[in-house]
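Visitor: This is the structure I want to talk about, given as structure tokens.
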Amino acid sequence: MKFVVTGGAGFIGSAFVRLLIGSGRASLVVNLDKLTYAGNPENLAAVADHPRYRFVHGDICDQSLVNALIEETRPDVLVNFAAESHVDRSILSPEPVFETNLRGTLTLLEAARLHKLPRFLHVSTDEVYGSIEPPHEADEDFPLRASSPYSASKAGSDLLALSYFVTYKLPVTVTRASNNYGPYQFPEKLIPLMISNAIEDQPLPIYGDGMQIRDWLYVDDHCRAILAAIERGRPGEIYNIGGSRALPNVEVVQKILAALGKPESLMQTVKDRPGHDRRYALSSEKLMRETGWKPEMPFEQGLRATIEWYRANPGWVARVKSGEYQQYYQRNYEGRAV
Ligand code: NAD
Ligand code: DAU
């Protein structure tokens with residue numbers, strides 16, 4: 001199959017591109033990426049010169065670029081990873097989030113409609129269900145209750161994508177995954193931020209009481225689930241993708257500190273994130289039943305592998321933490337210690 005992947009220079013998109021090329025599953029992978037602060041060509045060094053891989057630097061909001069790319073490539077499937085993906089940044093500046101996550105998704109859908117694309121996979125998030133009271137888990141029919149500008153933009157783009165199935169019969173599938181972790185994740189997200197700060201003996205900022213619960217999914221398990229949804233899932237459907245490993249944030253951070261042999265005194269309570277969702281909990285029963293997929297990486301093993309990757313790649317970390325990252329970090333964390 002020929003793939004167009006958007007946002008393939010980011011954390012999950014690059015893992016997906018590496019999987020497609022490494023597994024020999026794709027005859028061609030075209031990666032359209034704007035290379036925002038989160039897009040990093042270094043993430044694709046392993047495939048950059050591969051004959052079946054092609055990189056296009058551009059914005060998914062650029063309709064003529066997207067139309068030309070689809071016209072020229074005629075892909076069997078388009079997988080849309082491109083997004084502004086961070087909740088804290090969406091709280092600080094909502095506009096770019098809505099531009100890429102909504103306008104960009106619309107642009108891709110329009111090109112897909114025009115060229116009658118055989119398959120469109122829109123990558124989304126469990127955050128669209130909002131905070132979930134125990135003991136409940138969200139299945140795909142659970143009401144949408146987005147809390148942040150990020151999750152509202154993703155919920156909107158999911159509905160937009162599904163409307164193209166209903167109205168135009170475009171074969172759209174939406175996947176909603178829980179919190180991913182693994183190598184190459186930008187250190188604005190919990191796990192890589194805590195690992196890299198701990199390695200540098202810097203404070204680890206814990207939002208509020210740190211008892212918020214997230215369900216952790218290893219990035220390669222997520223990528224395999226997306227492939228399963230493309231190959232064996234049904235158009236017009238939503239598939240949840242969870243890691244089946246729910247943990248309070250503070251426990252995740254304690255595990256990181258223990259693995260690195262660092263003291264728990266590095267943890268520093270900071271003022272909570274506004275609108276912070278307390279608990280995410282997801283049922284992936286539908287995807288497992290229909291495709292046979294299941295998460296394979298045990299959390300402790302995945303966390304160890306992730307920590308080892310960050311330890312082994314100080315140059316990557318130093319480069320992504322220089323420049324803009326420093327301004328973001330200051331803006332998000334300064335004056336927040338309690
Ligand atoms: P990321 O922030 O690491 O990467 C996003 C990529 O999109 C970057 O390469 C960036 O350059 C690119 N991009 C941004 N705006 C663009 C634009 N206008 N045009 C073209 N490219 C653009 O994100 P990620 O964590 O890899 O997430 C990928 C997708 O998965 C997102 O849609 C996100 O909502 C979803 N998701 C993420 C998680 C998670 O835990 N990280 C969980 C569930 C779903
Ligand atoms: O659930 C899926 C979502 O997971 C994805 O859609 C998003 O793209 C991804 O960013 C992630 O969103 P979260 O807000 O859950 O992830 P984040 O890593 O930002 O935060 C995880 C938890 O850790 C959350 O409860 C907030 C907390 N946290 C985070 C940071 C960055 C802290 O306590 N301190 C921090 O410094």
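The values are calculated or read from the model by the stated rules, or taken from the named source; none is laboratory data. Source: prediction; values computed, not measured. When we count neighbours, we look across all protein chains shown, and the Cβ atoms used for this are built from the backbone with ideal geometry, even at glycine. SASA here: full protein model, heavy atoms, side chains in, ligands and nucleic acids out. Shrake-Rupley method; radii C 1.70, N 1.55, O 1.52, S 1.80 Å.
Visitor: For Val320, what accessible surface area do you get with a 1.4 Å probe? Give it in Å², rounded to 10.
Guide: Using a 1.4 Å probe on the heavy atoms, I get roughly 20 Å².
Visitor: Now, a different point. What is the distance in Å between the Cα centroid of the range 1-49 and that of the range 76-91?
Guide: 14
Visitor: On to the next question. What net charge do the residues around Gly292 carry, taking every other residue with its C-beta under 15 Å from that of Gly292, with Lys and Arg at +1 and Asp and Glu at -1? Walk me through the intermediate numbers first.
Guide: Numbers: positive: Arg224, Arg232, Arg234, Lys286, Arg289, Lys294; negative: Asp221, Glu231, Glu285, Glu290, Glu296.
Its environment carries a net charge of +1.
Visitor: A further question follows. Just need log10 I(q)/I(0) for the range 82-147 at q = 0.18 Å⁻¹, Debye formula, equal scatterers on the alpha-carbon atoms, no solvent, rounded to two decimals.
Guide: So the normalised log intensities are -0.84.
Visitor: Quick one: order Lys262, Lys271, Lys286 from most to least accessible surface, probe 1.4 Å.
Guide: Numbers: Lys262 55, Lys271 135, Lys286 30 Å².
From most accessible down to least: Lys271, Lys262, Lys286.
Visitor: For the range 1-160, max minus min Cα coordinate along each principal axis, in Å, sorted largest first?
Guide: Largest first, the range 1-160 extends 49, 32, 30 Å along its Cα principal axes.
Visitor: Separate question: At a 1.4 Å probe radius, carbon and sulfur cover how many percent of the accessible area of the chain?
Guide: Working: 7230 of 13740 Å².
Using a 1.4 Å probe with all protein chains present, the chain comes out at 53 percent carbon and sulfur.
Visitor: Still on this structure, please answer the following. What lysines does Lys34 reach when the alpha-carbon gap must be under 25 Å and sequence neighbours fewer than 8 apart in one chain are set aside?
Guide: Straight-distance partners of Lys34: Lys2, Lys116, Lys154, Lys189, Lys321.
Visitor: Another question about this same structure. Could you please put Met267, Met288 in sequence from largest to smallest accessible area, using a 1.4 Å probe?
Guide: Numbers: Met267 45, Met288 70 Å².
Heavy-atom accessible area, descending, gives Met288, Met267.
Visitor: Then there's this: Find the Cα radius of gyration of the range 189-248, compare it with 2.2 N^0.38 Å by division, and give the number to two decimals. All intermediate terms of the calculation are to be shown ahead of the outcome.
Guide: Values: Rg = 16.1 Å, N = 60, 2.2 N^0.38 = 10.4 Å.
Against the empirical 2.2 N^0.38 Å value, I get 1.54 for the range 189-248.
Visitor: Further, regarding this structure: Any idea which of Leu78, Pro149, Ser131 is furthest toward the positive side of the dipole for the range 51-165, if Lys and Arg beta-carbons carry +1 and Asp and Glu beta-carbons -1?
Guide: So the residue we want is Leu78.
Visitor: Next up: About its Cα centre, what dipole magnitude does the chain give when the only charges are +1 on Lys and Arg Cβ and -1 on Asp and Glu Cβ, stated in debye to the nearest 20? It would help to have the intermediate numbers written out before the result.
Guide: On the way: 37 positive and 41 negative charges, 108 e Å.
Its charge dipole is roughly 520 debye.
Visitor: With every protein chain present, what is the per residue accessible area of the chain (1.4 Å probe, Å²)?
Guide: On the way: 13740 Å² over 338 residues.
Value for the chain: 41 Å² per residue.
Visitor: Between the range 297-338 and the range 110-141, how far is it from one alpha carbon centroid to the other, in angstrom?
Guide: Rounded to whole Å, the Cα centres lie 28 Å apart.
Visitor: What does the charge add up to near Glu188, with Lys and Arg as +1, Asp and Glu as -1, over the other residues with Cβ less than 13 Å from its Cβ? Present the calculation step by step, with values, prior to reporting the outcome.
Guide: Details: positive: Arg89, Lys189, Arg273, Lys321, Arg331; negative: Glu84, Asp88, Glu324.
Net local charge, Glu188 excluded: +2.
Visitor: Taking every Cα atom in the range 179-338, find the radius of gyration and the maximum pairwise distance Dmax, and write them in Å.
Guide: 17.0, 50
Visitor: At a 1.4 Å probe radius, which order do Ser27, Ser178 fall into by accessible area, largest first?
Guide: Ranked from most to least accessible, the order is Ser27, Ser178.
Visitor: Kirkwood hydrodynamic radius, the chain, all distinct C-alpha pairs: what's the number in Å? Present the calculation step by step, with values, prior to reporting the outcome.
Guide: On the way: mean 1/r = 0.0495 Å⁻¹.
Result for the chain stands at 20.2 Å.
Visitor: Next up: Can you pull the one-decimal nm distance between simple spin-label points at Lys116 and Asp49, each 7 Å off the Cα toward Cβ?
Guide: 4.1
Visitor: Taking the chain as a Gaussian network, where each spring joins two C-alpha atoms under 10 Å apart, which residue of Asp33, Asp88, Asp158 fluctuates the most?
Guide: Asp88
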